[in-house]
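Student: Quick one: structure below, then a few questions.
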Amino acid sequence: MTKHLKTALNRIRRSPYQAIAAISIMTMTLFLAGALFLLSAGSQAVLNYFETRPQINAFFKVDYVPPQSEIDRIHSELDATGLVKSFHFVSKDEALTIYKDLNKSDPLLLDAVTASMLPASVEVSAYQPNDLSVLADKLKTEPNIDDVRYAQDILGALTKWTNSVRVVGLTLVGTNILITFLIILLIIGVKVAGRREEIVVLQLVGATRSYISAPFIYEGVLYGLLGGFIAWGIMYLILLYSMPFLVTFLAGIPILPPPILFMLEVLGGEMLLGALVGGMGGLMATKRYLKT
Amino acid sequence: MVSAHTLTKKFGDLIAVNGVSFSIDPGEFVFLTGHSGSGKTTLLRLILRELRPDTGKLTVDGKDTSQLKVKDLPAFRRAIGPVFQDYKLLLDRNIWENVALPLEVRGVKPADIHSAVRMALDLVGLAKKIDMFPGQLSGGELQRVAIARAIVGKPKLILADEPTGNLDPKTAKDIAKLLKDLHSELKTTVIMATHNAEIVDQFTLRVITLDSGKLINDTPKGKYDQAS
């Protein structure tokens, strides 16, 4: 194995321009794959975030303080649908606490507001985003409930966006992987053709197919590993650079910064994908010369 | 060691080997003669299983070459040491590495490769040139390297295809003598294809003569057949 690896490294060193071309195309494709994967994973994380938040806020009339019996009745009626994941009553005092917490940096706003000015509410979350409208409709029929808000629209748009990212991403990445595979096949194919005399000699002295193919496969794998690493590095740098903007853009949705372990998994995935594409290219390039 | 029965090989309309039958015992030294295009190289390529016969049967070291699958070829070829007119040495490897090649592809341990290569290069008289590259050697020396590569794996059969074809008369005689000496020392079967009458007549050994693909003469202690 070490011998074949050394041979592959020597061949890469002896044809630097071919190596640069191979690593560049591999880097481009793996960068695209990684970026689209991160975009897709990020969208999914945002979607998950919204799905796990209380999605419906139903506000009672401002001047109305609901008795416990009414809250229990609403709770049990919603529970009876079997769609409710959680139910939480927010009293006027609790609403004031939340308000104070949100506006603690602005004393003027704090002084002007009292508990009586804020409505009591219920926060309801569902197991499935699609069930929100059923629960919202039910809450709207309550005579003392003034306003019902839920994130159905956001979730619908986000789901569409995530699905689109996946479809477009898979198509783009699939096409690029195919192009990269063909270019690696071409680059290593040229090298194989340049060494066909050597291959003939190796065959005549009893070398197995795997012995002859191994350095070319290793070469493809090395292109893939290097391309994967460089693509990941560029992607991570861009992500770190864009972090302040993204954190502001996502307005408190806690998905950034991505965990280091997750990014290391992305690195592993990129290098594995690169190694597979490169290795397959090397294998296919030698195959046609090893038929006899 | 090698047995051919009504062996035929065609390339399109050209019949390169035409119904050839012969048998070579282990340890024999056989000259395969005939003019250019008589079918000598095709016959050697059939024995090395670079080609498959169209009809007939060819058995080498007990194996029917027609029945060999691609995956069987490496093991089959390890029993044969080929020597070519154009040497077929790897120009980017030094003499040591060229000779070590058949053992490396078999995964032999480095220590064993070391002793075997040293012995093979001693036998061909090139022990002092191990670090040199093919581009630095003369034609005779290159053929000696090729012979060392052929014998290093202790093959049962050496196939030499016009090994003296690119050499001057004196060097050609030296190479032929080297092959004969190695045959005597190693007891390996040797088939040497040549159209050099002087070399064939230098020894009194079995001569198989081909003409237009047909075997026209098979003499146990023969001379070069000028008629061919």
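Student: At a probe radius of 1.4 Å, what is the per-residue accessible area of B:Leu137, in Å² to the nearest 10?
Tutor: 20 Å²
Student: Let me ask you something else. Rank B:Glu141, B:Glu97 by accessible area, highest first, at a 1.4 Å probe radius?
Tutor: Working: B:Glu141 40, B:Glu97 75 Å².
Listed by decreasing accessible area, they come as B:Glu97, B:Glu141.
Student: Let me ask something else. Separation of segment A:74-117 and segment B:175-228 by C-alpha centroid, Å?
Tutor: First find each Cα centre; the distance between them is then 106 Å.
Student: Take every DSSP beta bridge whose two residues both sit in the protein assembly as shown, then give the antiparallel share in percent to the nearest 5.
Tutor: Working: 35 of 54 bridges.
Of those bridges, close to 65 percent are antiparallel.
Student: If I take R0 = 45 Å and measure r between the Cβ atoms of B:Lys187 and A:Ser15 in this structure, what FRET efficiency does the formula 1/(1 + (r/R0)^6) give, to the nearest 0.05?
Tutor: Working: r = 46 Å, r/R0 = 1.01.
It comes out at approximately 0.50.
Student: Using r as the Cβ-Cβ distance of B:Gln136 and B:Val70, and R0 as 22 Å, what FRET efficiency do you calculate, to the nearest 0.05?
Tutor: After rounding, the FRET efficiency stands at 0.05.
Student: How would A:Met117, A:Met28 line up by accessible area, probe 1.4 Å, largest first? Each step should come with its number before you reach the end.
Tutor: Working: A:Met117 105, A:Met28 125 Å².
Heavy-atom accessible area, descending, gives A:Met28, A:Met117.
Student: List the trypsin sites (Lys or Arg not before Pro) within segment A:1-49 that DSSP assigns to loop and that have no more than 11 neighbouring Cβ atoms inside 10 Å.
Tutor: Numbers: sites: A:Lys3, A:Lys6, A:Arg11, A:Arg13, A:Arg14; in loops: none.
In loop regions of segment A:1-49 (DSSP not H, G, I, E or B), there are no sparsely surrounded trypsin sites (Lys or Arg not before Pro).
Student: Let me ask something else about it. Could you report the protein assembly as shown's accessible area per residue, 1.4 Å probe, as an integer in Å²? Before the final figure, lay out the partial values.
Tutor: Working: 25710 Å² over 520 residues.
On a per-residue basis, the protein assembly as shown sits at 49 Å².
Student: Still on this model: Starting from 0.36 nm per residue, how many nanometres of slack lie between B:Asp201 and B:Asp122 once their C-alpha separation is accounted for? Show your work: numbers first, answer last.
Tutor: Details: separation 79, 0.36 × 79 = 28.44 nm, distance 2.75 nm.
Extra length from B:Asp201 to B:Asp122 when fully extended: 25.7 nm.
Student: Here is a follow-up. Within the set B:Lys10/B:Lys40; A:Lys6/A:Lys191; B:Lys154/B:Lys187; B:Lys88/B:Lys109; B:Lys9/B:Lys221; B:Lys9/B:Lys177, which residue pairs have Cα atoms separated by over 22 Å? All intermediate terms of the calculation are to be shown ahead of the outcome.
Tutor: Values: B:Lys10/B:Lys40 14 Å; A:Lys6/A:Lys191 16 Å; B:Lys154/B:Lys187 10 Å; B:Lys88/B:Lys109 24 Å; B:Lys9/B:Lys221 28 Å; B:Lys9/B:Lys177 32 Å.
Long pairs (Cα-Cα over 22 Å): B:Lys88/B:Lys109; B:Lys9/B:Lys221; B:Lys9/B:Lys177.
Student: Give me the percent relative contact order of segment A:54-150, please, defined on Cα pairs under 8 angstrom at least 6 residues apart. The partial results should precede the final answer.
Tutor: Details: 142 pairs, mean separation 49.5, N = 97.
With pairs under 8 Å counted, the relative contact order is 51 percent.
Student: Would you list A:Lys287, A:Lys61, B:Lys9 from the most to the least accessible area, probe 1.4 Å? Walk me through the intermediate numbers first.
Tutor: Values: A:Lys287 115, A:Lys61 80, B:Lys9 25 Å².
Ranked list, largest accessible area first: A:Lys287, A:Lys61, B:Lys9.
Student: Go through B:Leu167, B:Pro155, B:Leu142 and say which Cα lies farthest out towards the positive end of the charge dipole of segment B:127-186; charges sit on Cβ, +1 for Lys and Arg, -1 for Asp and Glu.
Tutor: About the Cα centre, the residue reaching furthest to the positive side is B:Pro155.
Student: For the charge dipole of segment A:54-150, defined by +1 on Lys and Arg C-beta atoms and -1 on Asp and Glu C-beta atoms about the Cα centroid, which residue among A:Leu110, A:Pro66, A:Leu83 has the Cα displaced farthest towards the positive pole?
Tutor: A:Leu83
Student: What accessible surface, in Å², does a 1.4 Å probe find on A:Leu186, ignoring ligands, DNA and RNA and rounding to the nearest 10?
Tutor: Its accessible surface works out to 120 Å², give or take rounding.
Student: Suppose R0 equals 35 Å; then what is the FRET efficiency for B:Leu91 and A:Ser242 from their Cβ-Cβ distance, rounded to the nearest 0.05? List each step's numbers first, then the result.
Tutor: Details: r = 53 Å, r/R0 = 1.50.
Plugging the Cβ-Cβ distance into 1/(1 + (r/R0)^6) gives 0.10.
Student: Under a Cβ-Cβ cut-off of 9 Å, what is the net charge of the residues other than A:Asn57 that fall near it, where Lys and Arg count +1 and Asp and Glu count -1?
Tutor: -1
Student: Among B:Gln67, B:Gly125, A:Pro119, which residue has its Cα positioned farthest towards the positive end of the charge dipole of the protein assembly as shown, with +1 placed on the Cβ of Lys and Arg, -1 on the Cβ of Asp and Glu, and the dipole taken about the Cα centre?
Tutor: Farthest along the dipole direction, towards plus: B:Gly125.
Student: At 0.36 nm per residue, and after removing the present C-alpha to C-alpha distance, how many nm does the segment from A:Thr7 to A:Leu110 gain when stretched out fully?
Tutor: Working: separation 103, 0.36 × 103 = 37.08 nm, distance 7.29 nm.
Difference between extended and current length: 29.8 nm.
Student: Another question, then. Using a 1.4 Å probe on the protein heavy atoms only, what accessible surface does A:His4 show? Give it in Å² to the nearest 10.
Tutor: 30 Å²
Student: Extending each Cα 7 Å along its Cβ direction at A:His88 and B:His35, get the distance between those two points in nm, one decimal.
Tutor: 10.3 nm
Student: Can you give the log10 of the normalised intensity I(q)/I(0) at q = 0.09 Å⁻¹, computed with Debye over equal Cα scatterers of the protein assembly as shown?
Tutor: -0.78
Student: Can you pull the three principal axis extents for the Cα set of chain A, in Å, largest first?
Tutor: 95, 43, 27
Student: Could you please state how large a percent of the accessible area of segment A:1-145 is carbon and sulfur, counting protein chains only and using a 1.4 Å probe? Spell out each step's value before the answer.
Tutor: Values: 4860 of 8030 Å².
Roughly 60 percent, rounded to a whole number.
The values are calculated or read from the model by the stated rules, or taken from the named source; none is laboratory data. Nothing here was measured: the structure is a model prediction, and the numbers come from that model. Here Cβ is always computed from backbone atoms with ideal geometry, including for glycine, and neighbour counts include all displayed protein chains. In case anyone asks, the SASA skips ligands and DNA or RNA and just uses the protein heavy atoms, side chains included. Shrake-Rupley method; radii C 1.70, N 1.55, O 1.52, S 1.80 Å.
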